[in-house]
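Heads up: the structure comes next, in structure tokens.
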Amino acid sequence: MTFLGLALSATAQEGWIMEATSRKDYNGATMANGRIGVVTDDVPFSAREIVLAGVFDKEGYNGVSRVARGPVFLNMELTVDGKKVSDKDLSGWNQVFDIRKAQLTTNVELKGKASFKYTVLALRHLPYNAMSIVEVVPHKDLTLKVENIYGIPEEMSDVQSSFGEGAQLVYQLNAATRTKMHRVSSSSMFMFDGEEPEVRRIEAEGRDGMWFSAKLKKGQTYRFALVGAVCSTQDFKDPVNESKRFATFAYKSSIDYLLDKHRAAWEELWQGDVIIEGDPESQLDIRHALYQLYSITRDNCPVGIAPMGLSSSEGYNGHYFWDTELWMYPPILVMNPAAGRSLMDYRAGCLPQAMQNAQNHGYRGAQYPWEADTSGEECTPVWALTGTYEHHITADVGIAMWQYYCVTGDKEWLEETAWPVLKAVAEFWVSRVQKNQDGSYSIINVVGADEYAENVDDNAFTNGAAKRVLQDVAAAAEVLGKKVDPMWKEVADNLVFTYNAEGVTMEYTGYNGQLIKQTDVNMLAYPLGVITDRDHILRDIEYYFDRIDPNGPAMSNAIIAVLYARLGDPDMAFKVFKKSYTDKLRPPFGVLSENANNSRVSFATGLGGILQSVIFGFAGVEITEDGIVQLPTKLPSHWKSLTVTGVGPEKQDFKVENPEYNPNK
């Protein structure tokens, strides 16, 4: 069995470990905890960048917002016996990504001197902290010098540093983001097992940082850690002192204490797991996808999640799209409802801006922005028509709000938090539609899910999403004893959908078989549930399957896989499931690219689609008004069983066994 050309070890075949021995075309894994994302590097003792969740500045003075990076406080430079250790001096490079423990370990050898093990993790229990742990096994008596040299993002300015203020030896760097919208502060400290060497400030010009030196004995393992925190004015009035406090709090613990707390937090998350018997390769892929979504979300953290998660500051500027509600949120909601609530609380907090946006465009209710940041305002670049016309996001937000109630049954949250949003979303769609002479309703001049088609009328997905959310709002009103506006039902029942002579749903009025960017019509069956007839679903699949751009984003085939699984064709579903992502995996850890031709990683939107194929397709999990249920389903012939554990607030398990299991197929 192979994964990206690498042999899967026995441990890897259990679905938790990825190992790399080649640095060619390296794409770093991201160690994240929902607040900060540390993008790892192939260069030992360093990280590429730290991405800050929910912290935005302008991409330029006349541009839109972009998610901010923080100073990289985890970088180290080593000197052994007076000689600086460079990358070319090291051999035996390999990296081990432990998905279960959420850590990446690099192993290298300094010939004749020592073996090094360097582990990076974003501490799950301390949301603003990350840590690097170095273990050294000397092959001879030697002197080791370690310098902590910060990596400062090029867009940062007004850089200030300090060292040793207060009772502890904290090194701190403070800087302004690109246009000085925020101040960001990073603080770091060395931690040691046993006796602590003296830590000093680096005095060399242009090399601001701290260092220590220690004499090591042959064969005696020496372990130390570098722990730090990064805070900003987005989250704190005083990030300078908060980052120092957080670093000091970690420092006053032990290395093992921090490891134990981090791992315990991840073990709690892994109560929600997906277990596949019979397919080690798919097991590893699914666990990796689930890790990625767990790592970029957390409870009590009301920010959105970007298509690239916390793996990049550049992909779509870190903005929040429908990618959250339609693609990443459903698996998060059923596997970790508390994190799902954080995403919905973020949208609820942006309701005033969405209502202002609707008013500014001549509509009632709330119009959510196509691209959003923590301001809640529209952040789409002005050259893109999506920001002005891709309105289905407003329905997507409402659908997701109702789903949270369906999963949790939290009536208090539904009334206090969700209802103002749901009512405003319904008011928007009633004001957005146009009544036709025959009594039907059209939604004109939109960009649909297929963004190749701009300014079209009666886009299937837009109309389907509006129909679904109006039904959901009416259901919510009945639960809460609120008045149901008769226009919600009238519009929902009479929205226009067009069909060709064979009964295939047309993507929009005037559609004539053009290439489409991503699935649109097929989502009427799943996740919207607007089309339920088996033959109709199959007609739509067969018509659009070859019309989806093969270079489009890594989501479309995930929807088709769910549909085939629910229609009772698991082997076809599996074929499409693998097609949805295998050509988009990037070495060495299978980080998912948005499409086969680019390296924007990690594409968390696509990972959400992959997980939906398994959880809502093969496992048959379904969100209904009566809670989470399991639909009848079948497994691919070579899967022995599939178990989804820890689902929903009650931590239910859903298992499917394959009576026709064929390990040789």
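All of the numbers you see were taken from the coordinates with simple rules; none came from a lab. All values reported here derive from a predicted model rather than from experimental measurement. Note that we place each Cβ from the backbone using ideal geometry, even for glycine, and neighbour counts take in every protein chain shown.
Could you give the size of the charge dipole of the chain about its Cα centre, using +1 on the Cβ of each K and R and -1 on the Cβ of each D and E, expressed in debye and rounded to the nearest 20?
Charge dipole of the chain: 1860 debye, to the nearest 20.
Hey, what do the phi angles of segment 381-386 turn into as Karplus ³J(HN,Hα) couplings, whole Hz, using 6.51/-1.76/1.60 and θ = phi - 60°, x for Gly and Pro?
Couplings: x, 5, 6, 9, 6, 4 Hz.
For segment 155-285, report the translational diffusion coefficient in µm²/s to the nearest whole number, using Stokes-Einstein at 4 °C, 1.567 mPa s, and a Kirkwood Rh over Cα pairs.
Working: Rh = 17.7 Å.
Here the translational diffusion coefficient equals 73 µm²/s.
In a Debye calculation with equal point scatterers on the alpha-carbon sites of segment 210-258 and no solvent, what is log10 I(q)/I(0) at q = 0.24 Å⁻¹?
-0.95
Among ASN148, GLN612, ASN500, whose Cα lies farthest out toward the positive end of the dipole of the chain, if unit charges sit on the beta carbon of Lys, Arg (+1) and Asp, Glu (-1)?
Of the listed residues, the answer is ASN148.
For a quick check: with amide H placed at 1.01 Å from N, whose amide H comes under 5 Å from THR297's, ignoring anything fewer than 5 positions away on the same chain?
Amide H neighbours of THR297: GLY34.
Ratio of alpha-carbon Rg to the 2.2 N^0.38 Å globular estimate for segment 15-240, to two decimals, please.
1.03
Please compute the Kirkwood hydrodynamic radius over the chain, one decimal place, Å, based on all pairs of different Cα atoms.
On the way: mean 1/r = 0.0384 Å⁻¹.
Here the Kirkwood hydrodynamic radius works out to 26.1 Å.
Based on Cα coordinates alone, diagonalise the gyration tensor for segment 282-657, multiply each eigenvalue by 5, take square roots, and list the semi-axes in whole Å, largest first. Write down the numbers at each step before the final one.
Details: eigenvalues 162, 113, 95 Å².
Computed over segment 282-657, the values are 28, 24, 22 Å.
In nm, give the distance between the simple-model label positions of ARG200 and LYS88, each being 7 Å from the Cα along the Cα-to-Cβ direction.
For the pair ARG200/LYS88, the computed spacing is 3.0 nm.
Among ASN658, ASN512, MET572, whose Cα projects farthest towards the positive end of the dipole of the chain, with charges put on the beta-carbon of Lys, Arg (+1) and Asp, Glu (-1)?
It is ASN658, whose Cα lies furthest towards the positive end.
Would you mind pulling out the separation of the Cα centroids of segment 292-361 and segment 32-84, in Å?
Their Cα centres are 22 Å away from one another.
Evaluate 2.2 N^0.38 Å with N set to the residue count of segment 129-178, then give the Cα radius of gyration divided by it.
Cα Rg divided by the expected 2.2 N^0.38 Å: 1.61.
Where does the chain land at 222 nm, in deg cm²/dmol rounded to the nearest 500, when only DSSP H runs of n ≥ 4 count, each adding -39500 (n - 2.57), divided by all residues?
Value at 222 nm, helices only: -8500 deg cm²/dmol.
Could you sort out which of LYS101/LYS218; LYS84/LYS244; LYS145/LYS261; LYS101/LYS640; LYS83/LYS111 sit more than 18 Å apart by Cα distance in this structure? Before the final figure, lay out the partial values.
Values: LYS101/LYS218 30 Å; LYS84/LYS244 29 Å; LYS145/LYS261 29 Å; LYS101/LYS640 27 Å; LYS83/LYS111 13 Å.
The pairs that break the limit, which is 18 Å between Cα atoms, are LYS101/LYS218; LYS84/LYS244; LYS145/LYS261; LYS101/LYS640.
If the only charges are +1 at each Lys and Arg Cβ and -1 at each Asp and Glu Cβ, what is the size of the charge dipole of segment 15-240 around the Cα centre, to the nearest 20 debye? Walk me through the intermediate numbers first.
Numbers: 29 positive and 29 negative charges, 75 e Å.
Here segment 15-240 has a charge dipole of around 360 debye.
Determine which aspartates and glutamates satisfy two conditions relative to LYS482: a Cα distance under 18 Å, and not lying fewer than 8 residues away in the same chain.
Partners found: ASP410, GLU412, GLU415, GLU416, GLU427, ASP472, GLU490, GLU625.
Provide, for q = 0.19, 0.29 Å⁻¹, the log10 of I(q)/I(0) from a solvent-free Debye sum over equal Cα point scatterers in segment 367-430.
At q = 0.19, 0.29 Å⁻¹ the computed log10 ratios are -0.76, -1.18.
For PHE236, PHE246, what's the fewest-to-most ordering of other Cβ within 10 Å of each Cβ? Intermediate values should be presented prior to the final figure.
Details: PHE236 15, PHE246 22.
Ascending number of Cβ neighbours within 10 Å: PHE236, PHE246.
Residue separation times 0.36 nm, minus the C-alpha to C-alpha distance between GLU268 and GLU14: what's the value?
Using 0.36 nm per residue and subtracting the Cα-Cα distance, I get 89.6 nm.
Toward the positive end of the charge dipole of the chain, about the Cα centre and with charges on Cβ (Lys, Arg +1; Asp, Glu -1), which of PRO636, HIS391, GLN172 goes farthest?
GLN172
So, in nm, how far is label SER162 from label ARG207 when the simple model puts each one 7 Å beyond its Cα toward the Cβ?
A separation of 2.5 nm, rounded to one decimal place.
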